[in-house]
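Okay, structure first, notes after.
The values are calculated or read from the model by the stated rules, or taken from the named source; none is laboratory data. In this text the structure is predicted, and so the values were computed from the model without any measurement. Quick reminder, even Gly has a Cβ in these numbers, built from the backbone with ideal geometry, and neighbours come from all protein chains shown.
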Amino acid sequence: MFKKGSKINSIFSGSCPRCQNESMYEDKNPLHLTKVLKMNENCSHCGLKYQIEPSFFYGAMYVSYGLNVAVGIAAFIVSFVFFGSTVEQSFIAIVVTLIVLFPFVLRLSRNLYINMFISYDPKAVQK
C-alpha cells in the first residue's frame, strides 16, 4: 500500500509523483513554518517541473478547503460526541485542531493535487 510506485506513498511522503526518489520540498519538516511551502523547482532525478503551469497550486486551495472541513467535522465529532463537550468547547477544539494541523494540511493538499495530474513512471530518468 505504501510501496514505491503507489500514489499513497507519494502523497504522504511528499516525494516526486513521477519517480518518487526525492522530496518535492526544500525542507522535509513541515513544522518549519517559514519553509512549509518552499518547493524545489524540478526533481533532480527525473527532471519533473513541479510548477506545471503558472499558479498551478492555486487549485490545491480547494483541496485544502475540503481537507480542513473534514478535519473540522472530525474534531467536532470527537469533542462533542465522544468527550461530551459543549458546543462552545467543541468550537474551540475545532479552531485549535485546525491551527495545529495547518502545516500538515497545506502540504497534504499540494501533494494530493499534483498527484491528480502526474502518475508514477518507473522509467523516469533525467533528460
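Can you name every residue in segment 21-46 that is among the hydrophobic types (A, V, I, L, M, F, W, C), assigned to a loop (DSSP other than H, G, I, E, B) and either more than 19 Å from residue 124 (Cα to Cα) or more than 12 Å from the chain's Cα centre (by Cα) (or both)?
In the first step, residues of segment 21-46 are kept if they are among the hydrophobic types (A, V, I, L, M, F, W, C); the result is 24, 31, 33, 36-37, 39, 43, 46.
Those left that are additionally assigned to a loop (DSSP other than H, G, I, E, B): 24, 31, 36-37, 43, 46.
Answer for segment 21-46, where residues must be among the hydrophobic types (A, V, I, L, M, F, W, C), assigned to a loop (DSSP other than H, G, I, E, B) and either more than 19 Å from residue 124 (Cα to Cα) or more than 12 Å from the chain's Cα centre (by Cα) (or both): 31, 36, 37, 43, 46.
What are the residues in segment 73-92 that are surrounded by fewer than 17 Cβ atoms within 10 Å (Cβ to Cβ), assigned to a helix (DSSP H, G or I) and not acidic (Asp, Glu), if any? Spell out the reasoning first.
Let us first name the residues in segment 73-92 that are surrounded by fewer than 17 Cβ atoms within 10 Å (Cβ to Cβ), namely 73-74, 77-78, 81-89, 91-92.
Now narrow it down to the ones that are assigned to a helix (DSSP H, G or I): 73-74, 77-78, 81-82, 87-89, 91-92.
Within segment 73-92, 73, 74, 77, 78, 81, 82, 87, 89, 91, 92 meet the criteria.
Residue pairs, Cβ under 8 Å, 6 or more apart or interchain, first in segment 33-56 and under 14 Å from residue 113 (Cβ atoms), second at pLDDT 85 or above and acidic (Asp, Glu). List them.
Between residues of segment 33-56 that are under 14 Å from residue 113 (Cβ atoms) and residues that are at pLDDT 85 or above and acidic (Asp, Glu), the close pairs are 39/26; 50/41; 51/41.
I need the full set of residues from segment 93-125 which are exposed (fewer than 14 other Cβ atoms within 10 Å of the Cβ) and over 21 Å from residue 7 (Cα atoms), in order please.
95, 96, 99, 100
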